[in-house]
């Protein structure tokens, strides 16, 4: 983390655009991961699932990073001029002028605050509910959790896709894709679950979660497998239509990505699809820690690269390599993330006492 | 048959698991366990080996994917190369959906067939496993070889203990399991009566409709009777001589006379210049080269692969003097083996192609 910090400052001095683009890359990446904790909890609450209670403390710990990533993303506002072309629209650019009612700085800032406000409110509400439940017990808290999860899921569906338009898609303000929000969301889900899985494995290996067994790993593995296919499906749906119709307005998006970053372009498919797909195909692999770690690593790196490929070609017109700035920032934020997560995990029993489904998770077979 | 086996009936799967453990611990040989729904972990409990079905699914899926890939590659690059929207012949991204479907189809069919083969099920074959209807309703049954003498008493003792331990008096040993759930059997005639009572003679009348909701529209249907002119249909033929928007009519009919007349009268609205000829060339390369070849010398890829008889070359004596009107006519309506192109090329585009074809005639 310290080394990362140093590299970051080096970056800031040398190149503004590169600094801010990697700030956006890493800030957004860790926002997604932090947010996936809340999504994880609310999905399982709404699906009445029992197995996840064995690990539900981990997503709750991940969420704790959300306020920090809010600060990071708000700091990004200092760099909007360098990143977002729409902040200084040229005369005669009718398309962008037509979009100014949505893409203008004040509204952009308001929306950003609104998204984070909503996400943090619901995330902390869910954490507080489970803290209360631990102290007092009773079903009332779980009912509350269901209520808040339901509202959150609906709001999240809207805000998450709007946030991805705002922060990522508007880097290329002339271009748009209608499934962009979903595309980002699918990435959020897999990379979040990969991080959760890695944390669970780490804690399990060090004896902090002795109640975890193969069945829980099997379910995490199924998620990784399924959602990496889902991500690929969306990736391909967007690509095939644009490739096939071959309309210049749309292909401008893929042209620089395929021409300037040919290796990266196919590498992310390998990392995010081929590896998890082949490694996790069999039932036994999903129950095996080693295979899970391999595919989690591949997914975590792959989705970071995927975000890089969404951001960098839009900001720079020529090819730029991944440099100190990106990696340094990733180390820095990653370190911070680890610090926050482990601080919130340490010194506690990692089991949600009094959760109504707690008993089910011990007897769970999958 | 039945007296070779014994059955133990349970009410829920928790008790079932305890029962299995107990029986296995005491060396009874369990033949089968029948349940109304798939119970997680059961196969492991009764010591079955993991099923081979997933492997079959994988292999068949892989075969399907390869078949899909190679078949499409062969068709589109070698057997019958055709241009689709200016894409390369080997258009891999557009193969993927078909490859995906083939994978799913092959693996699903493969697994079903493997399953039928493994369970020795095929048409006209009596099912060899016993039918125990209650297990399709709400009960769980362990089927085991009927033990002899001492072991039988041991079994009875164990089951009685289990009843007490689990506080579940419904656990029972039984030799013959032919019970049908009488309540449900009684419902069968009732269901028949209901079915038949809903039939009606009048075919126009659908009988009782559960939720007609928005089935009936207030607006007229295309083919409903027209109250204004008493005709059978609401849809009307457009008045004679009306044309769609931005459509240029072509007055010559698709006949021999029309062909000759077009040759004499038709004048290209576009005058020949390099830009039009160039655009015509691009369109020609998209739609015509497969038969006519780059320079109109009848050496297109389909002709060379002998999928198609060679058309006359534009530079040949027959076509050298062909007037613009006949060229346009043939492109619009097609000629003998050549298909019509009016639906692919607009009027303007056909005019440009004519200019290009003429340039081929003159050049040679």
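In the P(r) worked out for the range A:45-161, what percent of Cα pairs fall beyond 22 Å? Intermediate values should be presented prior to the final figure.
Details: 3308 of 6786 pairs.
Counting every Cα pair in the range A:45-161, those more than 22 Å apart make up 49 percent.
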Task: Additional length obtainable on full extension of the chain from residue B:274 to residue B:21, 0.36 nm per residue less Cα span - done: 82.2 nm
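Give the shape of the protein assembly as shown as rounded, prolate or oblate, defined through the alpha-carbon gyration tensor: a ≥ b ≥ c are the square roots of its eigenvalues, a/c under 1.5 means rounded, and otherwise the shape is prolate if a/b is larger than b/c and oblate if not. Present the calculation step by step, with values, prior to reporting the outcome.
Values: a/c = 2.15, a/b = 1.36, b/c = 1.58.
Taking the square roots of the gyration eigenvalues as a ≥ b ≥ c, the protein assembly as shown is oblate.
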Task: Contact order relative to length of chain A, as percent, for alpha carbon pairs under 8 angstrom and 6 or more apart - done: 34 percent
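How crowded by other chains is B:32-41, given as the mean number of beta carbons from other chains within 10 Å of each beta carbon?
Working: counts 0, 0, 0, 0, 0, 0, 0, 1, 4, 5.
Shielding by partners across B:32-41 averages 1.
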TODO: Using Cα centres only, tell me the gap between the range B:215-246 and the range B:64-78 in whole Å.
DONE: 47 Å
Open item on the list: Run the paramagnetic zone check for residue A:202: 7 angstrom along Cα to Cβ, then residues of the range A:329-366 with backbone nitrogen under 18 Å.
Closed with: A:329-351
Open item on the list: Could you tell me the center-to-center distance, by alpha carbons, between the range B:315-364 and the range A:292-340 in angstrom?
Closed with: 57 Å
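Considering Cα pairs under 8 angstrom that are at least six residues apart, work out the relative contact order of chain B and quote it in whole percent.
On the way: 375 pairs, mean separation 65.0, N = 364.
Here the relative contact order equals 18 percent.
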- [ ] Starting with the highest mean, order B:23-29, B:7-13 by the number of other Cβ atoms within 10 Å, averaged over the residues of each peptide.
- [x] B:7-13, B:23-29
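For a quick protection proxy, order the peptides A:288-299, A:199-210 by their average other-Cβ count within 10 Å, most packed first. Each step should come with its number before you reach the end.
On the way: A:288-299: 19.5, A:199-210: 15.4.
Final packing ranking: A:288-299, A:199-210.
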Task: 18 Å reach of a label modelled at residue A:360, 7 Å along Cα-to-Cβ, counting backbone N of the range A:111-131 - done: A:130
Task: Modelled FRET efficiency - R0 56 Å, residue A:143 with residue A:293, Cβ distances, 0.05 increments - done: 0.90
TODO: Could you give me the percent of Cα pairs per 10 Å distance bin for the range A:301-366, shortest bin first, beginning at zero and ending with the bin that holds the maximum distance?
DONE: 15, 28, 20, 21, 14, 3
- [ ] Using only Cα atoms, figure out Rg for chain B and give it as a multiple of 2.2 N^0.38 Å.
- [x] 1.83
Open item on the list: Relative contact order of the range B:1-190, please, whole-number percent, based on alpha carbon pairs below 8 angstrom and at least 6 residues apart.
Closed with: 44 percent
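Any chance you could run the full-extension gain for residue B:318 through residue B:254? It's 0.36 nm times the residue separation minus the Cα-Cα distance, nm to one decimal.
The residue B:318-residue B:254 span can extend by a further 21.0 nm.
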TODO: Please report, in whole Å, how far the alpha carbons of chain A spread along each principal axis, starting with the longest.
DONE: 64, 42, 42
- [ ] With everything on Cα atoms, drop me the angle between helix A:105-136 and the longest principal axis of chain A, reported from 0 to 90° to the nearest 10.
- [x] 10 degrees
Task: chain A: angle of helix A:214-245 to the longest principal axis, Cα-based, in degrees nearest 10 - done: 20 degrees
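Based on the Cβ-Cβ distance from residue B:285 to residue B:98, what FRET efficiency comes out when R0 is 30 Å, to the nearest 0.05?
So the FRET efficiency works out to roughly 0.70.
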TODO: Multiply the residue gap between residue A:240 and residue A:255 by 0.36 nm, knock off their C-alpha separation, and tell me the result in nm, one decimal place.
DONE: 4.1 nm
TODO: Can you tell me the 0 to 90 degree angle between the C-alpha axis of helix B:256-265 and the longest principal axis of chain B, rounded to 10?
DONE: 50 degrees
Open item on the list: Test of understanding: in a Gaussian network model of chain B with alpha carbons linked when under 10 Å, which of B:217, B:73, B:271 would top the mean-square fluctuation ranking?
Closed with: B:217
- [ ] Report, largest value first, the span of the C-alpha coordinates of the range A:216-315 along each principal axis, in whole Å.
- [x] 47, 23, 17
Task: Computed E for residue B:305/residue B:338 - FRET, C-beta separation, R0 22 angstrom, nearest 0.05 - done: 0.80
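Among B:187-194, B:55-62, how do they line up from the highest to the lowest mean number of other beta-carbon atoms within 10 Å? Please list the in-between numbers first.
Details: B:187-194: 9.8, B:55-62: 16.4.
Averaged packing, sorted descending, gives the order B:55-62, B:187-194.
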Open item on the list: Looking at chain A as a GNM with Cα springs under 10 Å, which of A:330, A:157, A:54 has the largest mean-square fluctuation?
Closed with: A:157
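Just rank B:78, A:344, fewest to most, by other beta-carbon atoms within 10 angstrom. All intermediate terms of the calculation are to be shown ahead of the outcome.
On the way: B:78 11, A:344 18.
Lowest to highest Cβ neighbour count: B:78, A:344.
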- [ ] Taking 7 Å along the Cα-to-C-beta vector as the label spot, tell me the residue B:295-residue A:270 distance in nanometres, rounded to one decimal.
- [x] 4.5 nm
Task: Ranked A:52, A:317, B:341, criterion: other C-beta atoms within 10 Å, fewest first - done: A:317, B:341, A:52
Task: Average other protein chain Cβ within 10 Å of Cβ, residues A:238-244 - done: 3
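Read the figures in this text as sums done on the coordinates, not as results from a lab. The shown structure was predicted, so the numbers you read here are calculated from the model rather than taken from an experiment. Quick reminder, even Gly has a Cβ in these numbers, built from the backbone with ideal geometry, and neighbours come from all protein chains shown.
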